[in-house]
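The values are calculated or read from the model by the stated rules, or taken from the named source; none is laboratory data. In this text the structure is predicted, and so the values were computed from the model without any measurement. So basically every Cβ, Gly included, is an ideal-geometry build from the backbone, and we count neighbours across all protein chains shown. Please note that ligands, DNA and RNA were not included when accessible areas were found on the heavy atoms of the full protein model with its side chains. Shrake-Rupley method; radii C 1.70, N 1.55, O 1.52, S 1.80 Å.
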Amino acid sequence: MAITPQFQILLLLLLLLISLFISAATATDGGSAQSLSPSTTVFQAPTHTYPPAHFATILSTLGFQELSTATVSANLSATTPLTIFAPSDASLLKCPSCSLPLLLQELSIPGLYPLHFLLTLTFGTKIETIAPNRCLTITTSGKDKAFVNGVEITSPDVFNNGLLIIHGLQGLISHLSPLSCNVERTTSLSFPSPALSSVSSLPSSQSIMRLMLKDAIIRLHAKGFDIVSLAMRVKYAELSELKSMTIFALDDAAIFSGGGYAYLSSFRFHVVPNRRLAAAELVRLPPATSLRTMDAGNNLVVTTAGGGGPSSPMKINYVKIATIDLLHNSRIVIHGISSQFPLMHHHQPHNTEWSSSSADIQQTRCDHVDWDSGICVVASDAPVGLPST
């Protein structure tokens, strides 16, 4: 059917009116937008809050009756995801003096921590709880066991709805120390109990040494001695066979600056096995005292005795002991040194005749140092009758 000219004109007029109407509407909207002042109202995303009664219902349904009674007093409500580590009723009854509301806060951490994520955390990771200045320590054993302050998670992920995770614990975690977040000053170890871990079949003394090694490794990492911490991890099996030890440690800054590039390869030369030389005993060692190391046939030698003050610091193998008692526990003492120990083919003890010159005291007695092999060579003959320890 043919379209008449009159109809075409009518259609064009209709299109023109529509376009004019749209333009007017756009202009009106633009003017209104320009006249509006910026809104100061911040958009609030909807949140989901669990009241204390809801937490109590969930815990009670899962069989944690004792803990469920503390949810109201603990003011446990969450606008963010939460993870709770729940001890059994039987374990809580063993601590009548414990404050359940406070304990519930100390066993609750913000965020979702399913078991598979806990297993990926670095050994000894500390996580802040909703109780102020209180932290839980996470450790692992093997590929499927996680521990919270040494207590095994025996019922992982018993509840997980995307907002709340609850793990069941085998034993009781007592109230946390105010120092629980401070890895350098912690007064109690938070490692898997020997009875629960893979070392349960080992003698008691070796189990303790393993715990002390883990303690030292964590604390060295916190103090900036990551390379030494790594070396102890590499030599963990060998070190755990010892009854005690003294380690002379070089910090990361000294190692990466080039002064200790061979420290890892010579780490055994920096460990005195089966002897815990704390500050009081170390500074009393007389000059020329020989200290056996884990590097068979290569001993350390006290070249300058301690007690001389800043002008005459204690030196072993002519290297200054920079920090005495850097850290220690019941089996291990670690002292900081200024550079790695060189091997010594010949050596001289410190002599009082040298004390007349401060420069002589500070100057090394190595006639030649071969840093490629780490050997300090002294031309004079070795003294006879070195006291050996």
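For segment 68-107, compute the orientation-averaged projected area of the C-alpha convex hull (one quarter of its surface), in nm².
Mean projected area for segment 68-107: 2.9 nm², to one decimal.
Cβ-Cβ distance of SER177 and ASN75, R₀ of 22 Å, FRET efficiency by 1/(1 + (r/R0)^6): the value works out to about 0.50. Using a probe of 1.4 Å on the protein chains alone, the accessible area found for ARG219 is around 40 Å².
Using heavy atoms of the protein chains and a probe of 1.4 Å, the accessible area assigned to THR154 is about 60 Å². Suppose R0 equals 35 Å. What FRET efficiency, 1/(1 + (r/R0)^6) with r the Cβ-Cβ distance, do ALA53 and HIS116 give to the nearest 0.05? Computed FRET efficiency for ALA53 and HIS116: 0.70. Only protein heavy atoms count here; on that basis, with a 1.4 Å probe, LYS315 has an accessible area of about 20 Å².
Applying 0.36 nm per residue to the separation of SER330 and ASN274 and subtracting their alpha-carbon distance, the gain on full extension is 18.9 nm. Taking Cα centre as origin and charging only the Cβ of basic (Lys, Arg, +1) and acidic (Asp, Glu, -1) residues, the dipole magnitude of segment 201-251 rounds to 100 debye. Measuring r between the beta carbons of ASP89 and GLN206 and using R0 = 35 Å, the FRET efficiency lands at 0.50. Near SER205, once Lys and Arg are set to +1 and Asp and Glu to -1 for all other residues with Cβ below 11 Å from its Cβ, the sum equals +2. Just list whichever of LYS223/LYS315; LYS143/LYS235; LYS126/LYS315 have alpha carbons separated by over 27 Å in the model shown. Exceeds cut-off: LYS126/LYS315. Segment 157-183 and segment 294-327 have Cα centres separated by 44 Å.
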